[in-house]
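Only one structure is covered here, and it is reproduced in the block below.
The values are calculated or read from the model by the stated rules, or taken from the named source; none is laboratory data. What you are looking at is a predicted structure, and each value in this text was computed from that prediction instead of being measured. So basically every Cβ, Gly included, is an ideal-geometry build from the backbone, and we count neighbours across all protein chains shown.
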Amino acid sequence: MRSLRQYRLFLTLLVVPVLVIVLVVAVVVAISGSGEDGTLVASSTGVDRQPSGTTNTTPSSADSGIKPVVTFKVPPTQTPVPEPTPAVTSAPETEATPTASPIPTASPKPEGPVDYEVKQTDTLFTIAVQFGVSVADLVEFNDLPDENFIFVGQILEVPTDPAQIIERRESKPSPTTGVVIPAEGLNIRNEPNMETSVIEYVAGGGTELALTGVSKEVDGVTWWEVEDGNWTQGQYLELGVKAAPTPAATETATPTETPVASDGEVTPTPTVAATATVTATPSTGVASPIVATIVPEGGLNVRKTASQAGEVAYVAATNTTIELSGETANVDGVIWWQLVDGNWVQGQFLKFG
């Protein structure tokens, strides 16, 4: 009895480990998915692989007396396929629209000339450099005598465009000449009117006047500016002609001290309050004529006697060459010269030689 118990204990200790091992192997094979069709063959000796499509040649239980082999299929474990990584689609490159560079807006130039006030340290050169013009343009545009003729506080017109210089140049009147038509002479006034103006001098008949070309129409009368800044009526001038080099002196053209021109105005001549005493210096022998030139721009009265109260014989035009007899007279400190025609002029208004 005791030996039977020991025999059973021995079998138990022997069989149990074998069963545990078989079970572990079966589990491992099932997990690993070995075998082509995943069929596991269980036997008393373990799990055998059963090739797919082969005939089971295991002898039946009737032939071998061994317990039938139990076969079962374990679903094959699929190896997980890694999820495909989605392709990163790059954002379509958009062509950068070129940004147009802003067009600089040019500063508008003034429509007309700029007025500039001359400062203490200014010269015409520095002003020209400041405005980008030439000194010659500034002189011409402002009618300056020369490039040094500026002073502090003076207002200069500075051209901002070459077209302004051309326009100003073309708009300027062209200087011309005018010969006095009336034989008795023509009044030269300081303003182009007969109401408020003052007579500066009388231009003798046939006198050539240098005109600036500037004219003004006042009350239907055209006045012309003389180069000395005075004015005279154009209806009594022969424009654009020159006077004869030496106007003929005639005794018939003897305007009085108050000649009346055809326009009704009286031409003035200097008046003398008292009659001067004349001390004549006779010439000795026959002297050759002395040549002299009339200096005053308005001409010079040629009188019949050596006195400012003497009657005017005629008016000798500016730059006219006259011949003197050499006879002189000192009247109240004024030296008078006698012409070869017998009339007299003041020597202070003559240029000799």
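Overview of values
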read-out: Ile155 touching a strand residue (DSSP E or B) at 6+ places or on another chain (Cβ under 6 Å) and exposed (fewer than 12 other Cβ atoms within 10 Å of the Cβ); value: yes
read-out: Some residue of region 94-108 being touching a Ser or Thr at 6+ places or on another chain (Cβ under 8 Å) and either modelled with pLDDT of 90 or more or not β-branched (Val, Ile, Thr) (or both); value: no
read-out: Where a residue in region 111-137 is charged (D, E, K, R) and its partner, wherever it lies, is surrounded by 12 or more Cβ atoms within 10 Å (Cβ to Cβ), with Cβ under 6 Å and at least six apart; value: Asp137/Ile165
read-out: Residue within region 188-195 that is closer than 25 Å to Ala313 by Cβ and in contact with a strand residue (DSSP E or B) (Cβ under 8 Å, 6 or more places away or on another chain) present; value: yes
read-out: Strands (runs of 3 or more DSSP E) contained in region 150-237 and holding at least 3 residues in contact with an Asp or Glu (Cβ under 6 Å, 6 or more places away or on another chain) and either modelled with pLDDT under 90 or farther than 30 Å from Gly112 by Cα (or both); value: 208-218
read-out: From Gly132, Gly112, residue being at pLDDT 65 or above, small (Gly, Ala, Ser), surrounded by fewer than 12 Cβ atoms within 10 Å (Cβ to Cβ) and on the phi > 0 side of the Ramachandran plot; value: Gly132
read-out: Strands (runs of 3 or more DSSP E) fully within region 302-353 counting 2 or more residues that are over 22 Å from Glu208 (Cβ atoms) and of a type outside the set (Ser, Thr, Tyr); value: 321-331, 334-339
read-out: Residues of region 214-226 that turn out to be surrounded by 13 or more Cβ atoms within 10 Å (Cβ to Cβ) and either in contact (Cβ under 8 Å) with a residue 40 or more places away in the chain or not basic (Lys, Arg) (or both), as a count; value: 9
read-out: Top-ranked residue in region 288-312 [being of a type in the set (Ser, Thr, Tyr) and over 60 Å from the mean Cα position of the chain (by Cα); ranked as surrounded by the fewest Cβ atoms within 10 Å (Cβ to Cβ)]; value: Ser288
